[in-house]
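Q: Structure provided below as structure tokens; questions to follow.
All of the numbers you see were taken from the coordinates with simple rules; none came from a lab. Keep in mind that what you see is a predicted model, and the values were worked out from it rather than measured. Glycine gets a Cβ as well: all are built from the backbone with ideal geometry, and neighbour counts include every protein chain shown.
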Amino acid sequence: MGLLVDGKWQDKWYDTSKSGGRFVRQDSAFRDSIGDDRFPAEAGRYHLYVSLACPWAHRALIVRRLKRLEDAISLSVVDWLMLENGWEFSDRPGCIPDTVNGADYMHQVYTAAQPDYTGRVTVPVLWDRKEGTIVNNESAEIIRMFNSGFDHLGGGIGNPQLDLYPKALRAEIDAINERVYNDINNGVYKCGFATTQEAYEEAFDALFAALDEVEARLARQRYLAGNRITEADWRLFTTLVRFDPVYVGHFKCNRQRIADYPNLQNYLRELYQVPGIADTVNLRHIKGHYYESHRGVNPTGIVPKGPALSLDSPHDRDRLKAAA
Ligand SMILES: N[C@@H](CCC(=O)N[C@@H](CS)C(=O)NCC(=O)O)C(=O)O
């Protein structure tokens, strides 16, 4: 784990000394968009770097799959282990080396885009072959580009019929995302990376208050924004699927498991069983990454064998109405 300072790699853990032990996530640095003059939509031009362990990268992978952009946007998958060199490429199971920049480490992709880059080296990253640079490294924005940025191309590229951010639901989706991001997606990290008891307890209470709220919402309606699946659901899904295998133990999010919330558990199963989604979930990468990489949290690097999950089991969500 580390970061780049003026283009030089430094091996450093997060600094929580100035925030009362609280983990504060840094803003992403590359914020251009597909559709800008410099970055027009084109099949075969863009490349996505992900980790299968990372919940933020997982969003991008899911939307790429659901929008059938796999032939149009190529992919690299980093190794799950992230130690003193940060994210690395390898040919271990489930990994795909960097065929675009030929990098050994993800930080080399960042310095290829900007030689004097200062900041964290995170995934996902959307790379442009033509300009030889990073378009964007913020998953919330990358999924929006995938959702609509390639729809006009025609020629059988993508799946223009699917809209995960429909106009009529945007205000609602944005409001849900805000709460889910702060207290759930990022909330589990705030618990796990807290370095004071107070910071941990504050994040823990906010996390479970938000999960209780989502549980109540899912008792009344099938999906977060009503009766159809939207990006808000996929953004929650990537945290839920990691919750019982990783966050309960490793990040001490242990008031209860997702399996103990009837609506969340069945909702998680339904989303997992959407065609194409199970292929994007790699528990070896997920568990291996957190337990083996965060040596400050888990010094032995031992990966727990459990828990048994039941993501393939029948769900009961058909009792609630879904849009045709
Ligand atoms: N806001 C970013 C966050 C991405 C992020 O933090 N990714 C993690 C992996 S789960 C990472 O690469 N961390 C490396 C680091 O912080 O040094 C996004 O949503 O794209």
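Q: For region 3-153, what does the relative contact order come out to in percent, with C-alpha contacts under 8 Å and a separation of six or more? Each step should come with its number before you reach the end.
A: Details: 266 pairs, mean separation 49.6, N = 151.
Reported as a whole number, the value is 33 percent.
Q: Residue by residue through region 66-71, which ³J(HN,Hα) values in whole Hz follow from phi under the Karplus form 6.51 cos²θ - 1.76 cosθ + 1.60 (θ = phi - 60°), with glycine and proline marked x?
A: Values per residue, Gly and Pro as x: 5, 8, 6, 9, 5, 7 Hz.
Q: Please work out the ratio of the alpha-carbon Rg of region 258-306 to 2.2 N^0.38 Å and round it to two decimals.
A: Working: Rg = 14.0 Å, N = 49, 2.2 N^0.38 = 9.7 Å.
For region 258-306, the normalised Cα radius of gyration comes out at 1.45.
Q: Explain nothing, just the number: dipole magnitude of the chain about its Cα centre with +1 on each Lys and Arg Cβ and -1 on each Asp and Glu Cβ, in debye rounded to the nearest 20.
A: Working: 39 positive and 44 negative charges, 134 e Å.
Roughly 640 debye, rounded to the nearest 20.
Q: Here is a further query. Could I have the simple spin-label model distance between Ser310 and Gln161, label points 7 Å from Cα toward Cβ, reported in nm to one decimal?
A: It is 3.4 nm.
Q: Set the bar at 30 Å for Cα to Cα. Now go through Lys190/Lys305; Lys67/Lys287; Lys8/Lys252; Lys167/Lys321; Lys12/Lys130; Lys67/Lys252 and name every pair that lies beyond it. All intermediate terms of the calculation are to be shown ahead of the outcome.
A: Working: Lys190/Lys305 25 Å; Lys67/Lys287 27 Å; Lys8/Lys252 34 Å; Lys167/Lys321 21 Å; Lys12/Lys130 33 Å; Lys67/Lys252 35 Å.
From the list (Lys190/Lys305; Lys67/Lys287; Lys8/Lys252; Lys167/Lys321; Lys12/Lys130; Lys67/Lys252), the Cα-Cα distance tops 30 Å for Lys8/Lys252; Lys12/Lys130; Lys67/Lys252.
Q: To continue, here is another question. I need the Debye-formula profile for region 3-153: one equal scatterer per C-alpha, no solvent, reported as log10 I(q)/I(0) at q = 0.13 1/Å, two decimals.
A: Evaluating at q = 0.13 Å⁻¹ gives log10 I(q)/I(0) of -0.57.
Q: To the nearest µm²/s, what D does Stokes-Einstein give for the chain at 10 °C and 1.306 mPa s, using the Kirkwood radius over alpha carbon pairs as Rh? Walk me through the numbers on the way to the answer.
A: Working: Rh = 20.3 Å.
Here the translational diffusion coefficient equals 78 µm²/s.
Q: Using θ = phi - 60° and the Karplus curve 6.51 cos²θ - 1.76 cosθ + 1.60, what whole-Hz ³J(HN,Hα) does each residue of region 15-27 get, with Gly and Pro shown as x?
A: After applying 6.51 cos²θ - 1.76 cosθ + 1.60, I find 9, 10, 5, 9, 10, x, x, 8, 7, 10, 6, 6, 5 Hz.
Q: Additional query: How big is the charge dipole of region 27-89 about its Cα centre, in debye rounded to the nearest 20, if each Lys and Arg gets +1 on its Cβ and each Asp and Glu gets -1 on its Cβ?
A: Values: 8 positive and 10 negative charges, 73 e Å.
Magnitude of the dipole: close to 340 debye.
Q: In region 3-153, with Lys and Arg counted as +1 and Asp and Glu as -1 at Cβ, which of these residues, Phe23, His47, Phe150, has the Cα nearest the positive end of the dipole, that is, farthest along it?
A: Phe23
Q: Tell me the mean residue ellipticity at 222 nm calculated for the chain from its helices only (DSSP H runs of n ≥ 4, each -39500 (n - 2.57), averaged over every residue, nearest 500). Intermediate values should be presented prior to the final figure.
A: Details: 9 runs with 105 residues, N = 324.
About -10000 deg cm²/dmol.
Q: Name the residues whose placed amide hydrogens come within less than 5 Å of the amide hydrogen of Tyr105, ignoring near sequence neighbours (fewer than 5 apart) on the same chain.
A: Phe89
Q: From Cα pairs below 8 angstrom and at least 6 apart in sequence, can you work out the relative contact order of the chain, rounded to a whole percent? Mind showing how you got there, number by number?
A: Working: 548 pairs, mean separation 63.7, N = 324.
It comes to 20 percent, rounded to a whole number.
Q: On to the next question. Just the ratio, please: alpha-carbon radius of gyration of region 69-167 over 2.2 N^0.38 Å, N its number of residues.
A: Working: Rg = 15.1 Å, N = 99, 2.2 N^0.38 = 12.6 Å.
The reported ratio for this selection is 1.20.
Q: For region 184-305, place one equal point scatterer on every Cα, skip the solvent, and apply the Debye formula. What is log10 of I(q)/I(0) at q = 0.10, 0.14 Å⁻¹?
A: Those come out to -0.32, -0.62, one per q.
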